[in-house]
Amino acid sequence: MTPKQAKAFRRKLLAWYRKHRRDLPWRAMNGRPVNPYHVLLSEAMLQQTQVATVVPYFHRFVEAFPTVQTLAEADEQQVLTLWQGLGYYRRARNLHAAAKAVIADHGGHVPAAVNDLLKLPGVGRYTAGAIASIAHGTKAAVVDGNVERVFARLMLIEKPINTPATKKMVWSIAEELVPKSSPGDYNQALMELGATICTPKPPKCFVCPVREHCRAVQETNPERLPIKLAKKKPKEVTHLVIAANRNGKYLFEQRPSEGLWSNMWQLPTWEEPPPEVITSIQNSESSRRVTTRGVSNDTVKVSRPPRGNAAAASAVLIEWFQSRFGLRLEQPTPTTDFTHQTTHRTIRFVALTASVKSGRLRLKTGVWRKLNQFEDLPMSNPQRQTMQHIRVQADSP
DNA sequence: AAGCCGGGGGG
DNA sequence: CCCCCAGGCTT
C-alpha cells in the first residue's frame, strides 16, 4: 500500500466507524469521556471473548469495583466469583494483580506507555496497544484475531496466519498503518470492521467501506482467508464428582492455583479415575432416564438391579475418597452424567451422591456448605451445573 | 514452535 | 458439528 493509498484507507475506515460504531459501555460516546480503568477492565475481559458476552460482566464489575483502587483492595475470591462463567480464570487474577500494580507503581493511574503497560500481568502486546491507544491516545498498533483476518484479506496474505513469522508480518503492517491522530478510534475501527463486516464466513464485502483497497475481494474468494493450520482434536477425559453430604451439608474443595479452573472451588472431584471405575458406575446405575415422546417431557425412572462389579468399583471409589479426604463414604449413588466441552478437552462429568459415615476431614481448603449456601464460592460452569442438578433433585425427592 | 487455558455465539 | 472470539503465558 502506498502512503497515499494508506491515507485514503484510514479516512474511509474512520468515516465508516464514526457512523456505525456500537455504543459499548467502556467507550467514549456522546460526551462521556474515556475512563482508562474501564478500558483496562474491558480489555482483560475481551481476550478471546466476544463483545456481547463481556458486556454484562463489565457492568457487574464496574458496579462492584467502581475504581482501580476498589478492585485492588478487593478479595480475590470476590473477583473470581464475579468472573465465574466468563472462562480463562487466570485473566481475573491477572487483572486483580494489575490493579494492585497500578496503585503501587503508577499512583493509581493506568499507564499510557506501551512499555509500562507490558509490565502488567495479563497485558501482552495486543492489550498494551489497545489500552495505550484507546485510553490515552498513544500512537500504538493492535493486532487481534479481527485485525489478522482484515489484513490477511486486504494484503492477500496466503501463508498460514497462526505462525510466528506471519504474525510478525501482520504486526509490522499494523505498526506502519496506525495514524498518530486518533489511533484509538482507528484501532477500534479496524477491529469493529472485522467483527461486523469482514467476518470469517461469510464476509459482507458488499457493504465494506474499504473494498476498493482489498486484494482478496478482487483476486480470490475472501472467505478462504486467513488460512489456518489445523489444530489437534480435544482429548476425552472423565471427571468423577462426589457430592458428599454430612448432616445436610456438602463438602467443597479449592482447586490448585495452576492449570484448569485455577483457584476455583468444586465438589470433590476425581480426575481421570481408572476406566473400570467409570464403567462399573454406569452399570451400577440404579435408575436411568427415559424421555417419553409426545406431549410430555417427563422422565421415567426404571429400576435395574446392580451388576456384579458395582460393589468392587464402589469400594475403589470409597478407598480413594478415604485416602484423599480422610472421610468414609456410604452408598455412592449415580446422580447425573453430562459432557462439558472446552477448547482442548471433552470432559465427561459423572456425579455421585453419597453420605459421610465417619472420619475427620484432613484437607486445608475444605468447607462444608448447605445446598443454597455456596454462592460466594467461585465455581466452574460444569461444577455449578452439577450443583444445580443436586439441588433440583433434593427439592423433589 | 507448541501447548495450555473456558465458555458461548453463530453458521 | 464446526470455527471463532478485542490473547497471554509457559515450556
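Which of the lysines could be linked to A:LYS19 by a straight reach, that is with a Cα gap under 20 Å, when you skip same-chain ones fewer than 8 residues away?
Here the lysines satisfying the reach criterion relative to A:LYS19 are A:LYS7, A:LYS204.
Determine the shape class of the range A:311-385: with a ≥ b ≥ c the square roots of the Cα gyration tensor eigenvalues, call it rounded for a/c under 1.5, and otherwise prolate if a/b is greater than b/c, oblate otherwise. Intermediate results must be reported in sequence, preceding the final value.
Details: a/c = 1.87, a/b = 1.25, b/c = 1.49.
Verdict is oblate for the range A:311-385.
Per residue, how much accessible area does the range A:141-230 show when a 1.4 Å probe rolls over the protein heavy atoms, in square angstrom?
Working: 4150 Å² over 90 residues.
Solvent-accessible surface per residue comes out at 46 Å².
Lys and Arg at +1, Asp and Glu at -1: add these up for the other residues within a Cβ distance under 14 Å of A:MET387 and post the number.
Local charge sum for A:MET387: +1.
Suppose the Debye formula is applied to equal point scatterers at every Cα of chain A; what is log10 I(q)/I(0) at q = 0.06, 0.13, 0.14, 0.15 Å⁻¹?
-0.34, -1.09, -1.17, -1.26
State the percentage of accessible surface on the range A:173-223 attributable to carbon and sulfur atoms; use a 1.4 Å probe and exclude ligands, DNA and RNA. Spell out each step's value before the answer.
On the way: 1280 of 2450 Å².
It is 52 percent, rounded to a whole number.
What whole number of Å gives the distance from the Cα centroid of the range A:322-397 to the Cα centroid of the range A:28-49?
The range A:28-49 and the range A:322-397 have Cα centres spaced 37 Å from each other.
With everything on Cα atoms, drop me the angle between helix A:36-46 and the longest principal axis of chain A, reported from 0 to 90° to the nearest 10.
Orientation of helix A:36-46: about 60 degrees from the principal axis.
For the range A:193-244, which trypsin sites (Lys or Arg not before Pro) are both in a DSSP coil and crowded by at most 16 other Cβ atoms within 10 Å? Each step should come with its number before you reach the end.
Details: sites: A:LYS204, A:ARG211, A:ARG215, A:ARG224, A:LYS228, A:LYS231, A:LYS232, A:LYS235; in loops: A:LYS204, A:LYS228, A:LYS231, A:LYS232.
Passing both the DSSP loop test and the Cβ count: A:LYS204, A:LYS228, A:LYS231, A:LYS232.
Could you compute the net charge surrounding A:PHE374? Neighbours are other residues with a C-beta less than 14 Å from the C-beta of A:PHE374; K and R count +1, D and E count -1. Display every interim value, and only then the final one.
Working: positive: A:LYS249, A:ARG369, A:LYS370, A:ARG384, A:ARG391; negative: A:GLU253, A:GLU375, A:ASP376.
Local net charge: +2.
Between A:GLN388 and A:GLN50, what length comes free when the chain is fully extended (0.36 nm per residue of separation minus the Cα-Cα distance, one decimal in nm)? Walk me through the numbers on the way to the answer.
Numbers: separation 338, 0.36 × 338 = 121.68 nm, distance 2.61 nm.
Taking A:GLN388 through A:GLN50 to full extension adds about 119.1 nm, to one decimal.
At a Förster distance of 22 Å, what's the computed FRET efficiency of A:LYS201 paired with A:LEU24, Cβ-Cβ distance as r, to 0.05? Display every interim value, and only then the final one.
Working: r = 24 Å, r/R0 = 1.10.
That gives a FRET efficiency of 0.35.
Could you grab the relative contact order for chain A? Cα pairs under 8 Å, six or more apart, rounded to a whole percent. Present the calculation step by step, with values, prior to reporting the outcome.
Details: 592 pairs, mean separation 56.5, N = 397.
RCO, chain A: 14 percent.
Name the aspartates and glutamates eligible as straight-distance cross-link partners of A:LYS228: C-alpha to C-alpha under 16 Å, and not fewer than 8 places from it in the same chain.
List returned: A:ASP144, A:GLU148, A:GLU158.
Find the accessible area per residue for the range A:34-140; the probe is 1.4 Å, ligands and nucleic acids are left out, and the unit is Å².
Numbers: 4520 Å² over 107 residues.
Computed with neighbouring chains in place, this is 42 Å² per residue.
The values are calculated or read from the model by the stated rules, or taken from the named source; none is laboratory data. What you see is a predicted model, and the numbers here were worked out from it, not measured in a lab. Quick reminder, even Gly has a Cβ in these numbers, built from the backbone with ideal geometry, and neighbours come from all protein chains shown. Each accessible area value is taken on the protein alone, full model and side chains, heavy atoms only, with ligands, DNA and RNA left out. Shrake-Rupley method; radii C 1.70, N 1.55, O 1.52, S 1.80 Å.
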